[in-house]
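The next block holds one structure in the form of structure tokens; read it before the comments.
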Amino acid sequence: MAEIDDLQTYAVNILQDVIARADAAEDGAMRAEAFAELMFEHLADSGEIDDGVPCPVEGRGIRCSGYFLSEDNDRLDLFLVVPQLDGTASTVPKADIDAAFRRVGSYLEKALGGLHKKREDALKGYDMSRAVWEARNDLSHVRLFVITDGLASIDQIGSYMIGPIEVSSHLWDLRRLHRAVSSGANREPIHVDFPKLGGAVRCLVASPPGSGYRCLLAVLPGNLLVEMYRQHGPRLLERNVRSFLQLKGKVNQGIRKTIIEEPQMFLAFNNGLSVTATGLKIVDRGDGTADLLAADDFQIVNGGQTTGSIFRAWRKDKVDASLLQVPVKITEILSDGDVEEIAPRISQSANNQNKVNMADFSSNHPFHRKMQELSRSIWAPPLSGMQRQTRWFYERARGQYHDALAENPTEAERRKWELIHPRNQLITKTDLAKYEQTWSQLPHIVSRHGQKNYLDFMFALDQRGTFEPDERYFERCVARAILFKQAEKIVSRQKLGGHRAQIVTYLLAWLSHHTAKRVDLDAIWSAQAISPALASFIEILSVHAQGYLTAAPGNQDVGEWSKKEACWEGFRQISVEIPADVEAGLLSRDRAHSAGSASVLEEQTSEAESEQVDRVAEVPSQTWFDLAAWAKDTQTFQPWQRSLSFSLGRLAGAGKKPTRKQAMHGEKIIEEARSLGFRG
């Protein structure tokens, strides 16, 4: 009974989340698309998928709700949602699930056969169908997902082949979804049974005293790694590794060349894999070696390029993977070890050739923690005519909103809490990245969808240097969220025939560009709404954006065209007269600059950064000149640091303040110089 109660609560939460996203619309199609978006986010957070693009299509015998193609077109995920949205944890008939798999499977076959050629460009599903067809010669594996908020079961569906493409089927029902989000883990752990894959693996075993871990060193045959990847796919790769692979782009051609032309040299040339695991089952041989039989939560934290390259060479180039020998280090965190502290450091150290700290992508990043802290303490002004104040809830990790709601034991207390924290005032970290990147005039990046845009945002945040959000930033961030959310509603009401996500980010980026970011964000925060004049102008801009995006050169599909910088470069040059009533509500350029209308990735400074600028500005010009000369004589700093010191001296002499970046580097330079003996 306890499980059923939990499932019903979870079903209600899904229903309410969908209603909040769909703006309580009666349109079933709108709710189905909102449900699809929500489920894609859940599966991405669980590590099951990298992302999902909503793209509903339906026809005789076919149905599909969305898709996602890997960077190199090697893997395709197709999704079909079967929403109940009744909040009752009801059972979905097996016949409905069987029919869903048949329909999404039929869609795949028709899309591979050129379905898009029989559909009008403007119809929903054209972009997805065309993308599948264009990837047909690169695909090696397609996963079909049927997702429902009901309780369902299905007979085991074996994989099947469409030519050289392997197709596997995956059912996610309410119980499995709930298990994924409530287990305390970010994903369903992978269990590896080595005898079933071909045999136990002989290893060297080392466990340094008091370390809290043990390491196994082994050499895996390439065909065993291929079989593991075939069964589990990208889930084998620890999430941060997948993040880096998305940023780094195409597979390393040097690895591929060795695999194909000199497989016998692979062991000598390749650094191998670093793996973390738990619950290792071994047979100790008594001589410092052991046979590894099984492992739980098997995750590759370094070696994703190697793993993917071997699998693709086996699939595409028909390489005999058994000729490859792959060095592997498997680290198991023991019961007396701190997994939360040790595992991230293993992942980070194994990837130390990358400039970006992998922790910078996680929900534990100081930026996200501070945003969460601010969201729990800042009250939003009441809406016009209302007395009740509310809060905007920042969710840095999936499920925090529902966990906070569940802390209220009675129904009355939960209703009271929801009045203060409405679901439509929930902002996730991927939402925030979308709002900020749009305002930073990067709609082509936002159009790459949730995870890729989030990764780009976090990469840019890391490159920017330390930034701690303050109350002022939080309020303007919420104002940008209000602007985005209300633009979404306006575009939905326009019924422009799809591509809402691209239309919204493009029109708002145009607005940001052509107003020089002079939209009065303080006024939006105070009113908790945009002005009627601005709403009317957004309607006009949405028509221009839709017309531009759907007229892609060379008959490109809108989804792919919108991801290109050339698309944005063309659209931002479009001339649309800004109405007088909108212009009247814009800030002056001086006031916009002082108000901090820029996004976090631009020259906006926090209070702490402003104080740092002031400290550096107070350093006498002669001190900077002396430091530059001292650094040159002692060859202490790099040329750019000596040049910056001289530039800071000139600014100080002219009575001008440095930029945020100049101050950040300048303070580090003078602190380090003094620690090395500079007496200026």
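The values are calculated or read from the model by the stated rules, or taken from the named source; none is laboratory data. Keep in mind it's a predicted model, so treat the numbers as computed, not measured. Neighbour counts run over all protein chains shown; Cβ positions are idealised from the backbone, glycine included. To get the accessible areas, we keep the full protein, side chains included, count just its heavy atoms, and leave off ligands, DNA and RNA. Shrake-Rupley method; radii C 1.70, N 1.55, O 1.52, S 1.80 Å.
Details
- P(r) for the chain, from all Cα pairs and a bin width of 20 Å, is 16, 46, 33, 6, 0 %, short bins first.
- Listed cross-link partners Lys110/Lys434; Lys370/Lys656; Lys318/Lys452; Lys632/Lys668 are compared with a 25 Å cut-off, the Cα-Cα value being larger for Lys110/Lys434; Lys370/Lys656; Lys318/Lys452.
- Counting only protein heavy atoms and a probe of 1.4 Å, the accessible surface of the chain is 49% carbon and sulfur.
- Within straight-line cross-link reach of Lys329, aspartates and glutamates at Cα separation under 20 Å, skipping those fewer than 8 residues along the same chain: Asp193, Glu227, Glu238, Asp284, Asp287, Asp291, Asp296, Asp297, Asp338, Glu340, Glu341
- Test item: Cα-centred dipole of the stretch 1-142, Lys/Arg +1 and Asp/Glu -1 on Cβ, debye: 980 debye
- Computed over the Cα atoms of the stretch 458-500, pair by distinct pair, the Kirkwood hydrodynamic radius stands at 12.8 angstrom.
- Each listed q (0.14, 0.16, 0.21 Å⁻¹) maps to a log10 I(q)/I(0) for the stretch 395-523 from the Debye sum over equal C-alpha point scatterers, namely -0.73, -0.92, -1.32.
- Cα pair distances exceeding 17 angstrom across the stretch 193-232, given as percent: 43 percent
- Lys, Arg +1 and Asp, Glu -1 on Cβ, resulting dipole of the chain about Cα centre, debye, nearest 20: 1300 debye
- R0 of 41 Å, Cβ-Cβ distance Leu323-Asp614: FRET efficiency to nearest 0.05: 0.05
- Estimated D of the stretch 484-576 in µm² per second, where Rh is the Kirkwood radius over Cα pairs and Stokes-Einstein applies at 4 °C, 1.567 mPa s: 94 µm²/s
- In percent, rounded to a whole number, the relative contact order of the chain is 9, using alpha-carbon pairs under 8 Å and six or more apart.
- Debye intensity ratio I(q)/I(0), log10, the stretch 152-221, q values 0.16, 0.28 Å⁻¹ (C-alpha model): -0.97, -1.18
- Whole-angstrom gap from the stretch 611-644 to the stretch 94-112, using each part's C-alpha centre: 67 Å
- For the chain, the antiparallel share of DSSP beta bridges with both residues in that region comes to about 60%.
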